[in-house]
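So the structure is just underneath, and the comments pick up after that.
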Amino acid sequence: MSDVVRIIPLGGLGQIGNNLCVIEQGERRILIDCGLSFPRDEMPGVDLVLPDFAYLRDAPGGIDAVVLTHGHEDHIGALPYVMREIGVREVWGTRLTLGMVKSKLDEHGLLRDAEFIEIDSDGDPVACGPFAAEFARVTHSVPDAVAVALHTTEGTILRLGSDGVDLMLADSTNAERPGITQSEQLVAAALKRIIRDAPGRVIVTSFSSHIHRLQGVIDASEACGRKVAVVGRSMIKNLNIARNLGYADVEEGTLVKPSDLDELRDNEITVLCTGSQGEPMSALTRMAYSDHRQVQIRQGDTVIMSAKPVPGNELAVHDTMNALCRRGARVLHQDNEAVHVSGHGSAEELKMMLALVHPKAFMPVHGELRMLAAHAALAESVGVPTGRIYVCDNGDVLVLERGSVRREGMVEAGVVFVDGLGIGDPKDAVLRDRRQLSADGTLIIVCQLHRGPSRVEPEVIARGFAPEGADAADELLDEVRAHASTILDRLDADGVREHKLLQSHLHDELAELVWNRARKRPLVLPVVVDV
């Protein structure tokens, strides 16, 4: 008698991002996607948030394969960490997805650590771990996305066709949104009109993986004789990958370096940049706060926010848009122009898919709890029995046996944090801060934002920070105070006023100064106050 099949989501349920689902039979398993999410404001010092894959680390047999549905960070971003910590035998993906993944793994020195298998959506089912996998092309906001169907000895998971579906897992992001999702052609037409009619420079931000959108901006710019400058590391990297693989087409002479923009008239310029989510150090945010070396926002610019804020990023995005308006830019976004459509199906499309597939059991995935609940209600409305709809949490285990699905316990799940030093759980982050404080103490630098003839010099408060010798300590604190004043003067002259950017510059430069002088790493806490 064969082993039952276990479906274990370790991320992506009750949240946006961290998509990772384990499908296993006996001691053999594959992963569907391996994504990350980005830290919220209440996670200081955290660079990335990963699903907790402790269950995989302790599971016998390792990981046969990771199947990647598409190239978004919330579906591929955790792969380097899983490969480094656990190991993966095979990585499956379409050509563009693998192109993005290989670039990421190369940066981590992991490019030789797995076999890469390109997905062919037109072929027969192929062996993938203990299962037979079949793929179907789907439309999303990054090209080359696929749905995955797994044929197992105990039933079929997400089978599109007449053979029947024992368990369907489907995206819930837009389950609360009525109607259908508009076509990308709507955005392409709007971009062409806006870029053609703009009197000055046009600056467009979008997700760097949204190759269709980037192509639309380039096509619209070429049609009206504009040159395009690409700004932002991930934007440059993904566009180059897409061009090399034939997913993006740019005419000779269209692309120019940002340093060459001064040689062009404003109505000949389009800037394509990162920063659609208001990330503090992204290209657009730094432009908005006059902290970008090559591009400064000025009166007459048209800025197009061609993306929707990811839940949790709304405040940062709105702050960036306000800063852009303050500098005289005209800001267009999805609420005042047709510059964005979602890559996720809305309620009517989700109902249609459920009706066509007609699954025996259904588990909504990929979304916050309210989205999962809304998708469950849609499933019930088209006839899926209530008792066969499973709204789960990360770590819940579903068992598929002889075509029937049931809940069966749970495994450890949660999140782990990544910073520049490595990965660990939230407790590790707290302990690391405590160790740093006990060893090297803290330096608090209190600075006023607006400086003038009657300015107050920065105040430096040291707690538990003691370089060798009292005189040396006083001299170093005086140097920190003077250097903080110099930093503020420089940023003030550059027009930088945003608190987060000021604090970031103060932290980085003062921490480096203290390390160079005393070989200590106190916790540096800049405090910027308005006066």
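Each Lys or Arg adds one and each Asp or Glu takes one away; over the other residues whose Cβ falls under 13 Å from the Cβ of residue 322, this sums to 0. Contact order for the chain, expressed relative to its length and based on alpha carbon pairs under 8 Å spaced 6+ residues apart, stands at 16 percent. Principal-axis analysis of the Cα atoms of the chain puts helix 470-493 at an angle of about 80° to the longest axis.
Between residue 47 and residue 386, the modelled label-to-label distance comes to 4.9 nm, taking each label 7 Å out from Cα in the direction of the beta carbon. Helical runs assigned H by DSSP (4 residues or longer) give the chain a calculated mean residue ellipticity at 222 nm of -10000 deg cm²/dmol, each run adding -39500 (n - 2.57) before division by the residue total. Distance distribution note for the stretch 184-332: the fraction of Cα pairs above 19 angstrom is 47%.
The charge dipole of the chain, taken about its Cα centre with unit charges on the Cβ of Lys, Arg, Asp and Glu (plus for the first two, minus for the last two), comes to roughly 660 debye. Computed from Cα atoms, the angle from the helix 95-107 axis to the main principal axis of the chain rounds to 50 degrees. Only aspartates and glutamates eight or more places from residue 227 in sequence, or on another chain, were considered; those with a Cα closer than 14 Å are 219, 251, 252, 260, 262, 263, 266, 268. Reducing the stretch 295-361 and the stretch 131-183 to their Cα centroids gives an inter-centroid distance of 24 Å. The convex hull built on the alpha-carbon positions of the stretch 23-74 has an orientation-averaged projected area of 4.5 nm². Relative to the globular-protein estimate of 2.2 N^0.38 Å, the Cα radius of gyration of the chain stands at 1.08.
Rg ratio for the stretch 1-129: its Cα radius of gyration over 2.2 N^0.38 Å, N being its residue count, equals 1.05.
Among the listed pairs 237/308; 308/500; 102/192; 192/308; 192/257; 104/192, which are separated by more than 25 Å between their Cα atoms? Table pairs above 25 Å Cα-Cα are 102/192; 104/192.
None of the figures in this text is laboratory data; all of them are computed from the coordinates on show. From a predicted model like this one, the values you see are computed outputs, not experimental measurements. Positions of Cβ are generated from backbone atoms using ideal geometry, with glycine treated the same way; all protein chains shown enter the neighbour counts.
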